[in-house]
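Undergrad: Can you read through this structure? Questions will come right after.
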Amino acid sequence: MPEATGPTTTLPAVPPLSRSPFVAQMGCQLDRLEKGRAELSLTVQDGVHTNLFGVAHGGVLMTLLDVAMAYAARSLSNEVEDVGEGESIGVVTVDLSTQFLRPGEGHLQAVGEVVRRADRLAFCEGRVLNERGQVCAQATGTFKYMRALPVTATSVKPYLGQVD
């Protein structure tokens, strides 16, 4: 995992991208993680990440944006109040609004940044850039801080006993 920059920056432990089967299958790389900012990259592979037009599928771009912003938000999770000793905090996407500006081709870089963090929410912006530095897609997202759910091989336990 990339290391934090700056002499006094302390980041919470975040799981590697490989812990998410979907993201691992895509082949994303976490290139940089700083307080309130994350950078990911992906090289578009024909027949794997492409749509019928031969460019990155919109779902690939949205996933890059979602994960980059989520990691940016998670980089601030050690600032969440009312967390018990040893408890792990994650984030879940509450809202994601995306605009597609140009086709995604070649090597793509996704940048996610926290614009504002409230008590239990992080408001983020993200963009996906092509090799020429042009914006292919941009998004805003809202992420909710939650205690990490205990997961077993066959089921996920409801959060705090809630069943909706």
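Undergrad: Do you know which of the residues in the range 134-150 that are outside any strand (DSSP E or B) and at pLDDT below 95 is farthest from the chain's Cα centre (by Cα)?
TA: P150
Undergrad: Next question. Within the range 99-124, which residues are of a type outside the set (A, V, I, L, M, F, W, C), surrounded by fewer than 17 Cβ atoms within 10 Å (Cβ to Cβ) and either in a strand (DSSP E or B) or free of Cβ contacts under 8 Å to residues at least 12 places away in the same chain (or both)?
TA: If the condition is that a residue be of a type outside the set (A, V, I, L, M, F, W, C), surrounded by fewer than 17 Cβ atoms within 10 Å (Cβ to Cβ) and either in a strand (DSSP E or B) or free of Cβ contacts under 8 Å to residues at least 12 places away in the same chain (or both), then Q99, H107, R116 are the ones that fit.
Undergrad: Please count how many residues of the range 16-65 are in a strand (DSSP E or B), touching a residue at least 60 places away in the same chain (Cβ under 8 Å) and over 23 Å from G90 (Cβ atoms).
TA: 2
Undergrad: Does any residue of the range 67-80 turn out to be at negative phi, part of a loop (DSSP other than H, G, I, E, B) and not aliphatic (A, V, I, L, M)?
TA: Yes, that holds for at least one residue.
Undergrad: Checking E131 against (1) among the acidic types (D, E); (2) under 20 Å from the mean Cα position of the chain (by Cα); (3) at pLDDT 95 or above; (4) open to solvent by 70 Å² or more (accessible area, probe 1.4 Å): exactly one of these is not met. Which one?
TA: (2)
Undergrad: Give just the number: which of (1) β-branched (V, I, T); (2) touching a helix residue (DSSP H, G or I) at 6+ places or on another chain (Cβ under 7 Å); (3) more than 18 Å from K35 (Cβ to Cβ) does V135 not satisfy?
TA: (2)
Undergrad: Return only the number of the condition from (1) without any contact (Cβ under 8 Å) to a residue 40 or more places away in the chain; (2) on the phi < 0 side of the Ramachandran plot that G133 does not satisfy.
TA: Of (1) without any contact (Cβ under 8 Å) to a residue 40 or more places away in the chain; (2) on the phi < 0 side of the Ramachandran plot, only one is false for G133: (2).
Undergrad: Considering the range 39-48 alone, what residues qualify as being out of contact with any Leu (no Cβ under 7 Å at 6 or more places or on another chain) and either open to solvent by less than 70 Å² (accessible area, probe 1.4 Å) or over 20 Å from S18 (Cβ atoms) (or both)?
TA: Passing the criteria: E39, D46, G47.
Undergrad: What number of residues within the range 121-145 are touching a strand residue (DSSP E or B) at 6+ places or on another chain (Cβ under 7 Å) and more than 20 Å from P15 (Cβ to Cβ)?
TA: Of the residues in the range 121-145, 15 are touching a strand residue (DSSP E or B) at 6+ places or on another chain (Cβ under 7 Å) and more than 20 Å from P15 (Cβ to Cβ).
The values are calculated or read from the model by the stated rules, or taken from the named source; none is laboratory data. From a predicted model like this one, the values you see are computed outputs, not experimental measurements. Quick reminder, even Gly has a Cβ in these numbers, built from the backbone with ideal geometry, and neighbours come from all protein chains shown. What goes into the accessible areas is simple: the full protein's heavy atoms, side chains included, and nothing from ligands, DNA or RNA. Shrake-Rupley method; radii C 1.70, N 1.55, O 1.52, S 1.80 Å.
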